[in-house]
Structure formats: structure tokens, C-alpha cells
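To start, the structure itself, in C-alpha cells.
The values are calculated or read from the model by the stated rules, or taken from the named source; none is laboratory data. On a predicted model such as this, the values are computed, not experimentally measured, just so you know. All Cβ positions, glycine included, derive from the backbone under ideal geometry; neighbour counts span all protein chains shown. Keep in mind that these areas ignore ligands, DNA and RNA; they rest on the heavy atoms of the full protein, side chains included. Shrake-Rupley method; radii C 1.70, N 1.55, O 1.52, S 1.80 Å.
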Amino acid sequence: MQNNLVSAFQTNWVSLVVSLVVIGFIYFLGKKKVSFGNRVFIGLGLGIIAGVIFNQVGLQFKSVSTIGTIYVNLIKMLVMPLVFILVINSISSLSNMAQLRKLGFKTIGWFLLTTGIAALIGLLVALAIDPGNGIAQAVPKDFKAKEIPTFSQVILDLVPSNPISDMASGKVVPVLIFAIFVAVAIVSVGSKKPEAVASVKAFITSAAAVMHQVVKYVIRLTPYGVYALIAAMAGKYGWETLEPLAKIILTSYVALIIHFVLVFGGLVLLVAKVNPIKFFKKAYPTIAVAFTTRSSYATLPVNLEVITKRLRVSPRIASFVAPLGATMNFNGCGGVWPAIVAIFVAKVYNLPLGISEYALLILVAVISSIGVAGVPGPASISTTVVLTALGLPIEGMGLVLGVEALIDMGRTAVNATGTTVTALLVAESEGEFDRASFDRDEEDELDLVTA
């Protein structure tokens, strides 16, 4: 063992020293309050430079690859507990079954429908632009291709038989369905005997808070993980294989803009019978804050005020839809992005997907988007869920993490705008949208203090 260690150090010491210097530099930038997004971009840039140098000089870079693998494994660690807890926490926030059936079904229905459409748009745009073209990776040694199941087996695999076993086996969809059953049961029992589920809801709320913190710990490692993953890829394949990453940005923003203009604009025009240009103008503060903060939670206070004071939706609808949307409505993070990444990873690893996989992709994207946390970063979790369900190597996700911060601005803007659109649609159907005041452009002054 000692000889192996010495040998590894002798052959990798240059890349290891370079990596330690880079990691130390990124850590120093964090101490100097350089923003998270900037540190991710710096990690990306330094990873490209270091990797290309490793490739050109012929240096060993196994140590760098190991650092990247550690980060990927930490992401994998989060998937099952995070999905289970957050899905239950999101749905069980509804107070009673009557509320669940009325406002809940309308709101959640719009959330899931638009997320499904977003996933479909992301899928079609990714297939058209083909962002993975020109880059290839060897399939990880521990990766095993999934056998194509029969239709009846697909249905059976969706139904949880042993949730604990399903979690241990990495079967995401049965765990999601089991979590939905538990959440609905909590709402049902709580509507009759609130005290009977009070301790369970308190536990779930606490567990969700703990999992959010664990996610933050892992996400803080993203600049270092991005550096290592990109450096290892560039070290193995050189500069040429990094160029297609630009296609990921293009593909993502094309899909996000299509969803923003056609889907949101179409719903506002055709369902709410409101001028889309006027709507987007009034919703601009929400869009701007979401784009710059990359956080649905940070945008929530502004969104509540925009919905009530500029869109003239009743406070009752706004106070129900907006907080729920900050937890459950992720058209960009849970719809567009996982679909694009899945197509990218499948192309990179030369793992063909068919119609059944596309359908499963959209289904899993819709369900998993419910539990994506409204803070910068955890869209990676939703993407990991989709890749796991499709049997694609999660390591492929690491190839796009370096540009994710840039894309996350657009994703979060779409997420927050989707919640605003849903509030308008629900209010219009409930007769709690002051159309006359909206048309007269009557607006109250916003309090934009978000802290």
C-alpha cells in the first residue's frame, strides 16, 4: 500500500501541487467575499487552463480526477434522502384536504403542467442543437447499461413495493411516488386531527431544514469540484472537447426563451386574457431579482408584492401560490435543464435513448421538480434524479457544472416568472384578479427590501 502511495505521488505530484494551489486560491477568493458564481467561473477557467497544460505536456492527472469523483459522490449521497424529505415537506404544507382539492390542485396542476412542457421543450431543443456533438467520454467502469424493460415491467417498476429497498437500489420514481402518498396522507389526517400529525410535520420540516443545510455544504464545494472535473476532462482530451460546452449555454437559453415567450406568454394571453407585454412589464421586478440572485427564496418577498401590488391579484391567492411556487415550481431547474443535460450526457457517453426513455425523462422531471430547493445550486439534484432514473452516468453532469451558474440565472428567472403566471391564472379562475385595476395600470409602490 505504501509503494502504491509513493508511486501515485511520484507520477501525479505536479498536477496535485497545481490543484492544491488552485483550490487554495479559490478558497482565498471565498474569504475575500468573491461571489459564488464568480468563483465557479474562475474554477472553470483555471480547470481549462490546467487541464490543457496537463494534456499538452503529458502530465499525469489522476489526483485531479479523484477530487472530481469525490464531489460527484457527495452529490449522489444527497439524492434519495433529499427527494423523499422535500417532496413530503412541499405537499404537506397544505393545511387541509379542501384547500388541497381547490387551490392546491389548480396551483400544483399548473406547476406540473408547465414543468412538463418545459422538459419537452428542453428535450426537443437539445435534440435539435445536439450540444453533446463533438465531445466523447468513456463510460465509467462501474457503469452498467440498463436492460430495456417491457411496458408492463415499466408500470410495475413505478409502483413502490419496498420503499427502503427502492432507496437502497437507487430506484427514484418509486421513492417519489411513496413520498407523495405519505404527504397526501399527512394532509388528509391533519385536516381532521391536526394534533395527530403535528409531530410528523414538525419532524419533516426540521429534516428539510437539515437537508437544505447539507445541500449547502456540498454546493459550497462546487467551485473546487468544477475545477477538478473540467481539468480532468481537459487533461484527457485537450482543448477541442471543451468547445461544445458553449452549446450547452446556447441550448439552455434557446429553450428557456421559448418557454418564457411562448408558454408563459401564451397562457397569459389565452387563459388569463391579459396582454403579455403588459404582464411581463409589471412582472419585471420579479424577473430581475430572480435573475441576479439565482434564488427563488430570495425572490419570494418581491414576488409577493409584485403579484398583489402590480398584477392586482388578491393577497389570499398570492400568499398561497407564491410560497408554494418557491418550493415546487421549477420550470427551468426541474424541466428544461435536466432534459438538456440528459440528452447531452447520453450523447457524450454514446448511450442511445428511445421514445420510452424520453417519456420517462419528462415524467421524472415533473415529479422530481417538486422537491428542488429554491436556492442556487440544487438543480443539480433534480438533474441527478433524472440521470439516475434513465440509467445514465451521473459523472456526465460534472461536465456541465462549470457553466451552470451562468445558465442558473436564466433558469431562476423562468422559475419565478412561472410562479407569477400561475398566481394570475389561479386568481382569474377564482374571481380574485382585479382586471379593471390591472388594465388601468394602478400600482402600489413596492417595498424591495428582501433581507
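So the values come out like this:
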quantity	calculated
Cα→Cβ-extended label distance, 7 Å offset, between V17 and V184, nm	6.2 nm
Cβ-defined net charge surrounding N275, 12 Å radius [Lys, Arg +1; Asp, Glu -1]	+3
Set of lysines with alpha-carbon distance to K33 below 28 Å, sequence-local pairs under 8 removed	K216
Fraction of accessible area attributable to carbon and sulfur, the stretch 278-346 (%, probe 1.4 Å)	69 percent
Estimated FRET transfer efficiency when R0 is 30 angstrom, pair A436-A288 (beta carbons, to 0.05)	0.65
Distance from the stretch 337-354 to the stretch 179-220 (C-alpha centre basis), Å	33 Å
Under 22 Å from K273, Cα to Cα: lysines that are on another chain or at least 8 residues apart	K102, K106, K281, K282, K309
Chain lengthening between N133 and K32 when straightened (0.36 nm per residue, less Cα-Cα)	32.5 nm
Extended-chain gain in nm, criterion 0.36 nm per residue less alpha-carbon gap, Q56 and K236	63.8 nm
